[in-house]
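Chemist: I'd like to ask some things about the structure below.
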Amino acid sequence: MKALVLRGSRNVFTLRIDGAEIECPIKGKILKGVDGYYNPLAPGDIVETNGKLILGLEERRNTFARFNQKGQSPQLLAANVDLALCITTPVSPPWRPRFVDRFLFQAEISGVNAALIFNKIDLNGEDPDIEERLEDFCRIGYPVYRVSALKGQGMESLCAFLKGKTSVFVGQSGVGKSSLINALIPGQGIRTGALNEKYDRGNHTTTQGMLMDASGLGPSTFVIDTPGIRRLAPERTAPADVIHYMKEFAPLAHKCSFGFSCTHKTEPGCKIMEAVHAGVIHEDRYESFLRIRDEMSSLEQYPDYD
Ligand SMILES: Nc1nc2c(ncn2[C@@H]2O[C@H](COP(=O)(O)OP(=O)(O)OP(=O)(O)O)[C@@H](O)[C@H]2O)c(=O)[nH]1
Ligand SMILES: [Mg+2]
Ligand SMILES: [Zn+2]
């Protein structure tokens, strides 16, 4: 029979079958079709089970992963999702637009629709610099929801947006991923944790990804909580392909005078640089593009982007 993976660690997973939860190890420890990943299964996977063991993996519609430096392989955060949400904050922890760019890059690699949730709007007034970036993310095609999990602001339109979808919540520790899910699913009661006051960042309260039923919002609605990520290293791609995974860059790829060989740094007739000067590509997005491409060119070097 088929079962949905809710959560689990290396070899034992909690599955949902007909509304009941069971714990199952993987038969023989190695599952076909999971090659190349740091972890075999993720919340959202569909598996074949006999009620005692996990026997097989259904082909995935998509995966949302991050590059695991220690294992030098992609680590699954979720599978078979409709939406990837990047949770960010104006303060506590501080606003990190580079994280957002790297998240959006990963979402494009995954082929998953992405949106931003700007949480903790109760904590400070509007910051024009942040507002400018949020509006730009919206302009290039990513919906932005400004909310407060604590005070309930903006939660109604977020609920409507998530209805009927399976959404994975991704972000740094302390941005309020678990708090948002608690607000969306009354009675869920996931553990949340105060920030470290000295460093103004989270304490990595959530330690395991977890899929939850949010059918209170509408039929077939699921949310996936994930552990906080300090630095999101996207899955590896060829440096020349980076341009294809940035929404507003992709249509300009290969249009430069030097075609495929343009580095988009100094060449005359470079459509990317022209778009930056014309304001069609935001300067910060261009900077992120260069950094991500550099990162993909070097095997093990991961500059600190915090
Ligand atoms: N002021 C304010 N605080 C919030 C809001 N949302 C969450 N918090 C607080 O932020 C802290 C961190 O929240 P969590 O939900 O644990 O954050 P998380 O993203 O799940 O963190 P990890 O599990 O460590 O990745 C807690 O003290 C929450 O009460 C909000 O909208 N406003
Ligand atoms: Mg959490
Ligand atoms: Zn160019």
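Throughout, read-outs are computed from the coordinates displayed, never taken from laboratory work. Since this is a predicted model, take the numbers as computed values, not measurements. Backbone-built Cβ (ideal geometry, glycine too); neighbour counts: all protein chains shown.
Chemist: What is the fewest-to-most order of Thr266, Thr89, Thr205 by other Cβ atoms lying within 10 Å of their Cβ?
Modeler: Ordered from fewest to most neighbouring Cβ atoms within 10 Å, Thr266, Thr89, Thr205 come out as Thr266, Thr205, Thr89.
Chemist: In whole angstrom, how far apart do the alpha carbon centroids of the stretch 227-296 and the stretch 44-122 sit?
Modeler: Cα centres, the stretch 227-296 to the stretch 44-122: 22 Å.
Chemist: Spelling out what I want: for every residue of the stretch 60-67, take phi, set θ = phi - 60°, compute 6.51 cos²θ - 1.76 cosθ + 1.60 (Karplus), and round to whole Hz; glycine and proline get x.
Modeler: Once rounded to whole Hz, the list reads 7, 6, 6, 9, 10, 10, 9, 7.
Chemist: Taking amide H atoms as placed 1.01 Å from N in the peptide plane, list the residues 5 or more away in sequence, or in a different chain, whose amide H sits under 5 Å from that of Phe67.
Modeler: Gln75, Ala233, Glu235
Chemist: Pull up all non-local amide H partners of Ile17: gap of 5 or more, or a different chain, and H-to-H distance under 5 Å with H placed in the peptide plane.
Modeler: For Ile17, the qualifying residues are Ile22.
Chemist: How large is ³J(HN,Hα) for each residue in the stretch 275-285, as worked out from phi by the Karplus curve 6.51 cos²θ - 1.76 cosθ + 1.60 (θ = phi - 60°), to whole Hz, x for Gly and Pro?
Modeler: Each residue of the stretch 275-285 in turn: 5, 5, 5, 7, x, 6, 10, 5, 4, 5, 5 Hz.
Chemist: Something else: Divide the volume of the convex hull of the Cα atoms of the stretch 79-225 by its number of residues and quote the answer in cubic angstrom per residue.
Modeler: Considering the Cα atoms of the stretch 79-225, their hull volume per residue is 107 Å³.
Chemist: State which entries of Lys165/Lys247; Lys2/Lys27; Lys2/Lys247; Lys32/Lys247; Lys32/Lys165 exceed 24 angstrom in Cα-Cα distance in the structure shown.
Modeler: Lys2/Lys247; Lys32/Lys247; Lys32/Lys165
Chemist: Next question, about the same structure. I need the phi-derived Karplus couplings for the stretch 159-172: 6.51 cos²θ - 1.76 cosθ + 1.60, θ = phi - 60°, integer Hz, Gly and Pro marked x.
Modeler: My calculation for the stretch 159-172 gives 4, 5, 5, 7, 3, x, 10, 9, 10, 9, 9, 10, x, 5 Hz in order.
Chemist: Largest first and to the nearest Å, give the Cα extent of the chain along each principal axis.
Modeler: That gives 63, 45, 38 Å along the principal axes, largest extent first.
Chemist: I want to check the label-to-label distance for Asp129 and Gln208. Put each point 7 Å from Cα in the C-beta direction and report it in nm to one decimal.
Modeler: Each label point is offset 7 Å from its Cα along the Cβ direction, giving 4.0 nm.
Chemist: I would also like to ask the following. Using DSSP, restrict attention to beta bridges with both residues in the chain and report what percent are antiparallel, rounded to the nearest 5.
Modeler: Rounded to the nearest five, the antiparallel share is 60 percent.
Chemist: For a quick check: with amide H placed at 1.01 Å from N, whose amide H comes under 5 Å from Tyr145's, ignoring anything fewer than 5 positions away on the same chain?
Modeler: Distant-sequence amide H within range of Tyr145: Leu116, Ile117, Phe118.
Chemist: Related question: What FRET efficiency comes out for the pair Tyr199/Arg236, r = Cβ-Cβ distance, R0 = 22 Å, nearest 0.05?
Modeler: 0.15
Chemist: For the stretch 2-60, what is the Kirkwood estimate of the hydrodynamic radius, computed as the reciprocal of the mean inverse distance between distinct Cα atoms, to one decimal in Å?
Modeler: 11.1
Chemist: Taking the Cβ of each residue in Asp129, Asp213 as the centre, tally the other Cβ atoms inside 10 Å and list the residues starting with the fewest.
Modeler: Starting with the residue having the fewest Cβ neighbours, the order is Asp129, Asp213.
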